[in-house]
1. When the helix-only estimate is applied to chain B (DSSP H runs of n ≥ 4, each -39,500 (n - 2.57), divided by the residue count), what is the mean residue ellipticity at 222 nm, nearest 500 deg cm²/dmol?
2. Please compute, for the alpha-carbon atoms of the protein assembly as shown, the extent along each of the three principal axes and give them in descending order in Å.
3. Using R₀ = 41 Å, calculate the FRET efficiency as 1/(1 + (r/R₀)^6) where r is the Cβ-Cβ separation of residue A:14 and residue A:125; round to 0.05.
4. To test your reading of the geometry: what angle, between 0 and 90 degrees and rounded to tens, separates the Cα axis of helix A:45-54 from the longest principal axis of chain A?
5. State whether chain A is rounded, prolate or oblate according to the following rule on the C-alpha gyration tensor (a ≥ b ≥ c being the square roots of its eigenvalues): a/c under 1.5 gives rounded; otherwise a/b larger than b/c gives prolate, and the remaining case gives oblate.
6. In the stretch A:55-146, what GluC sites (Glu not before Pro) fall in a loop by DSSP, with at most 15 other Cβ atoms inside 10 Å?
7. First select every other residue whose beta carbon is under 15 angstrom from the beta carbon of residue B:44; then total the charges, Lys and Arg +1, Asp and Glu -1.
8. What's the tally of Lys pairs in the protein assembly as shown whose alpha-carbon atoms lie under 14 angstrom apart, where the two lysines are 8 or more places apart or on different chains?
2 protein chains.
Amino acid sequence: MQTNKITSLIQPFAQQFDLSEGVMCDPRERIVRRASDMRGYYVDGDALEALIAARQDPPHYETFECAVPEEPGQVKYCISKLYPGTVGDECFMTKGHYHAVLATGEVYLCLRGQGLMMMKTAAGRWAAEPLSRNRMVYVPPHWAHRSINTGNEPLISFCVYPAEAGHNYGDIATEGFPRRVFIRQGKEVIE
Amino acid sequence: MQTNKITSLIQPFAQQFDLSEGVMCDPRERIVRRASDMRGYYVDGDALEALIAARQDPPHYETFECAVPEEPGQVKYCISKLYPGTVGDECFMTKGHYHAVLATGEVYLCLRGQGLMMMKTAAGRWAAEPLSRNRMVYVPPHWAHRSINTGNEPLISFCVYPAEAGHNYGDIATEGFPRRVFIRQGKEVIE
């Protein structure tokens, strides 16, 4: 944990959601990852290029955020929205990341859709937990995590994590995850 | 922040909720505060004693919890359920607390009911934010907080906070909050 930062005294505030639809109503920030941002992540790179070309590089997933200071003791929250689809027969997924402060966890409360939270440790342990409305997945400290959409509508979660956690995408870009998820003959396959 | 504790490597897990009803389906722990636990908190002590006697010391509020280790970097979550009613004309409320690790915040996502989050700092600043379904209140680090039910059904929130935060009830028991909330002639009054 980084403890060399001061924790600001800020004013309480509120934010409106639509918990049925899985929407943050007035996000301060929207981060969009497009299909072209996913180059190198899927088995079938040609299929990804075809998707980018055919659909004008569509949004792949989005994160809606707020303005909580990134300091120890503060708590960040966001809505994560991963679109449905496949690249070849591999399910749409997020890049996945460790937290930059590795020993910080995250709560994912799924509001909508169907999918998996794929997790791994640097030592090679892995775990996959189903995500669906009403189900919360606890991503413990030390575990990298990636959302995977196995359904036909956006996979949407309300996520909460220590504000100093940060993101480390680089290690996953080189390591990958031990398992991928495909839809074959209408069935989910983890391999 | 306490950083002298090790952050355990635990296995990911999931937990089921009913987000429409505001229920944690399989809580590991249920903490019940009864009316008699609230002695000294309301203006009208006699009305509280009458309530305790007439209704066999009914549950006042409940917290449903899980088993996340109380270590830096872990993230605790719970369901907070505050019953509706008044003591005299003062709305039912929780005791309220600072976090023992003062500089830790908390996210309250309201799932059901109507009420207020009453907050204060040790220096005497106060703030009240409405709570209702779909509204999230951010309780920043350094702010004591108390839920107040101004409606006719249970006030239920999904709460997430740094696992090392802990609870400090003693300071609020002696200080109180600068404002109380009443229902008079059908209207909410903060004074």
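Values quoted throughout were computed directly from the atomic coordinates according to the rules given, and no laboratory measurement underlies them. Model, not experiment: these values are computed from the prediction. Counting neighbours? That spans all protein chains shown, and the Cβs are built from the backbone with ideal geometry, glycine included.
1. Taking each H run of at least 4 residues, the total per residue is -2000 deg cm²/dmol.
2. Taking max minus min along each principal axis of the Cα atoms, the protein assembly as shown gives 75, 41, 34 Å.
3. The pair residue A:14/residue A:125 has a calculated efficiency of 0.60.
4. Compared with the principal axis, the helix lies near 80 degrees.
5. Verdict is prolate for chain A.
6. Passing both the DSSP loop test and the Cβ count: A:70.
7. Every neighbour counted, the sum reads -2.
8. Lysine pairs meeting both conditions in the protein assembly as shown amount to 5.
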